[in-house]
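Since the structure comes first, as structure tokens, the remarks are kept for the end.
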Amino acid sequence: MNRKKDVLFIFIGFFGALAGCFAVIMFNKYIMMSIPLIGRMICMLLTYWLIALVPIVLMCISKEKIDSLKIPKEKIGIQILLGIIGGFLLASAYFLVPFFLGFGSFVDNGSRYSRLFQFAFELLYFTVSVGAVEEIVFRGFIYGKLKKACENEWVAIIISSVLFGLFHIINGNIIQMCLTAIIGFIFCIIRYKVKHFSIISLILMHGIYDFMLTLYSSLLIR
């Protein structure tokens, strides 16, 4: 019974996250640009959390502690440092290698910022909104439920990574979906194989990774 409930929660949580993503896209398309700049910045930080709304509600309903969301109280500094270093190294490998081989257009995320406040906001947005939401949903809630239902870490890693890729099809194409699934798989492996790598580390790594792609695209691609 508990296994069926976990599978049901995974299904509802994933499609709830998709629905939240669709709501964010519609808000950005029809409402966002009518709001003054400061308001838009605040809305961007807050509305992305709609994606995590259903999974968070499900976690509250189940009243179950998910191990993958636990934050160890010891070595917080190391957890933070590991996340920052991991995000920088992963983004550098993903972007710089293709760029210097002449395939920069394949890893270009389209950003062309030049002002310091734009980069500062992107770092904040990618960390406290995108990174936090997607890690809580996919490497936290969905992975935790999958591991409990399947009783197999590798199955949980693979399925949660595939779902992470599928989630991004709403904003991309098949190639981007596959690349995102691979990135999700790498995130999982690092999280569960590197000592002291917690959910805090994952959120920071995800945020730094996305930010560095924006930074590299803005500075290196014309």
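The values are calculated or read from the model by the stated rules, or taken from the named source; none is laboratory data. All values derive from a computational prediction rather than experimental measurement. Neighbour counts run over all protein chains shown; Cβ positions are idealised from the backbone, glycine included.
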What is the number of the single condition among (1) at pLDDT below 90; (2) β-branched (Val, Ile, Thr); (3) over 30 Å from residue 108 (Cβ atoms) that residue 169 does not meet? (3)
Before we move on, is residue 195 of a type in the set (D, E, K, R), out of contact with any Pro (no Cβ under 6 Å at 6 or more places or on another chain) and assigned to a helix (DSSP H, G or I)? no
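Does at least one position in segment 43-56 carry a residue that is closer than 27 Å to residue 68 by Cα and loosely packed, with under 13 Cβ neighbours inside 10 Å?
Yes, segment 43-56 contains at least one residue that is closer than 27 Å to residue 68 by Cα and loosely packed, with under 13 Cβ neighbours inside 10 Å.
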What's the total number of residues in segment 112-121 that are more than 16 Å from residue 47 (Cβ to Cβ) and part of a helix (DSSP H, G or I)? 5
Would you say residue 201 is closer than 25 Å to residue 96 by Cβ, in a helix (DSSP H, G or I), at pLDDT 90 or above and in contact with an Asp or Glu (Cβ under 7 Å, 6 or more places away or on another chain)? no
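Does residue 147 satisfy being under 28 Å from residue 65 (Cβ atoms), in a helix (DSSP H, G or I) and basic (Lys, Arg)? Let's see the steps before the verdict.
Values: under 28 Å from residue 65 (Cβ atoms): yes; in a helix (DSSP H, G or I): yes; basic (Lys, Arg): yes.
Yes; evaluated as a whole, the condition is true for this residue.
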Given the criteria assigned to a helix (DSSP H, G or I) and within 17 Å of residue 139 (Cβ to Cβ), does residue 72 qualify? no
Quick check on residue 135: is it charged (D, E, K, R) and closer than 30 Å to residue 39 by Cβ? yes
Answer from 206, 196 - the residue that is within 25 Å of residue 76 (Cβ to Cβ) and more than 16 Å from the chain's Cα centre (by Cα): 196
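Which residue out of 215, 166 is within 14 Å of the chain's Cα centre (by Cα) and either surrounded by 21 or more Cβ atoms within 10 Å (Cβ to Cβ) or part of a helix (DSSP H, G or I) (or both)?
166
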Mind listing just one residue for me: the one in segment 32-67 that is modelled with pLDDT under 95 and not in a helix (DSSP H, G or I) and, of those, farthest from residue 139 (Cα to Cα)? 63
Filter segment 113-161 down to residues that are touching a helix residue (DSSP H, G or I) at 6+ places or on another chain (Cβ under 8 Å), aromatic (Phe, Trp, Tyr) and farther than 21 Å from residue 60 by Cβ and give me whichever is surrounded by the most Cβ atoms within 10 Å (Cβ to Cβ). 126
